[in-house]
1. With everything on Cα atoms, drop me the angle between helix 106-122 and the longest principal axis of the chain, reported from 0 to 90° to the nearest 10.
2. What percentage of the solvent-accessible surface of segment 13-52, computed with a 1.4 Å probe over protein heavy atoms, is contributed by carbon and sulfur atoms?
3. Across 5 Å bins from 0, what is the distribution of all Cα-Cα pair distances for segment 133-190, in whole percents?
4. With the other protein chains left in place, how much accessible area per residue, in square angstrom, belongs to the chain at a 1.4 angstrom probe?
5. Counting only GluC sites (Glu not before Pro) that are in a DSSP loop and have at most 13 other C-beta atoms within 10 Å, tell me the longest site-free stretch of the chain.
6. With a 1.4 Å probe and every protein chain left in place, tell me how much accessible area T67 has, in Å² to the nearest 10.
7. How big is the gap, in Å, between the Cα center of segment 162-205 and the Cα center of segment 66-114?
8. Which order do peptides 153-159, 108-114, 68-74 fall in by mean Cβ count within 10 Å, highest first?
Amino acid sequence: MDALILHLDRALRTVAGVHRAERASPAAGVPEGALHAGARAEAAALMRVNHVGEVCAQALYQGQALTAREPDIRRSLEHAAQEEQDHLVWSAQRIEELGGRASLLNPLWYGGALALGTVAGMCGDRWSLAFLAETEHQVEEHLSGHLERLPAGDRRTRAVIRAMRDDEARHRDSALALGAAELPEPVKLGMRAVAKVMTTIAYRV
Ligand SMILES: [Fe+2]
Ligand SMILES: [Fe+2]
């Protein structure tokens, strides 16, 4: 029951945007570039997409921690969830600095990802970790794409994205080290297709 209340509390905080980061933003100390209005809007839209990804990461990790059977796995998921919480805060801060706004559909993204995380968790730890490892891998690739798309002078956003990408790579490695299975190729392709739809919508709304 306590665990359920804790998860509910986290869910509400995620959607309301009232989390606290444990680590300072990687943008701290990086000077703001001279960005024209179009460049700021583009960077804010890209960060809105990344923020949606982090909202989903909160839900995915929570869904999986709820269903994880092994204590070691649950601990590792909780550790990664804290780092995802840092990402959530960093990306929200950067959106604000750029004068943008978070996605209006965040409650929807959260609910969908929580359902997916719970289903993955119910398939057992090996498959749940497989889903996680593949998600982290796809997010890592996606963030690399954003580093190329970002306006050239936006060093602050770049610092945030680089640090998130490093964390996602570690999350993937730890899921593999904990015994993740290898997802079938059609599942990976399906995940890419869903991610494509989500990122296209989140870029705008
Ligand atoms: Fe993340
Ligand atoms: Fe991650």
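1. So the inclination is approximately 30 degrees.
2. Carbon plus sulfur share of accessible area: 55 percent.
3. Result returned by the calculation: 4, 19, 23, 19, 16, 9, 6, 3, 0.
4. On a per-residue basis, 49 Å².
5. Here the longest run is 33-181.
6. 30 Å²
7. Between the Cα centre of segment 162-205 and that of segment 66-114, the gap is 13 Å.
8. Details: 153-159: 20.4, 108-114: 18.9, 68-74: 14.4.
Ranked by mean Cβ neighbours within 10 Å, highest first: 153-159, 108-114, 68-74.
The values are calculated or read from the model by the stated rules, or taken from the named source; none is laboratory data. These numbers come from a predicted model, not from an experiment. Positions of Cβ are generated from backbone atoms using ideal geometry, with glycine treated the same way; all protein chains shown enter the neighbour counts. Surface accessibility is based on the protein's heavy atoms, side chains included, excluding ligands, DNA and RNA. Shrake-Rupley method; radii C 1.70, N 1.55, O 1.52, S 1.80 Å.
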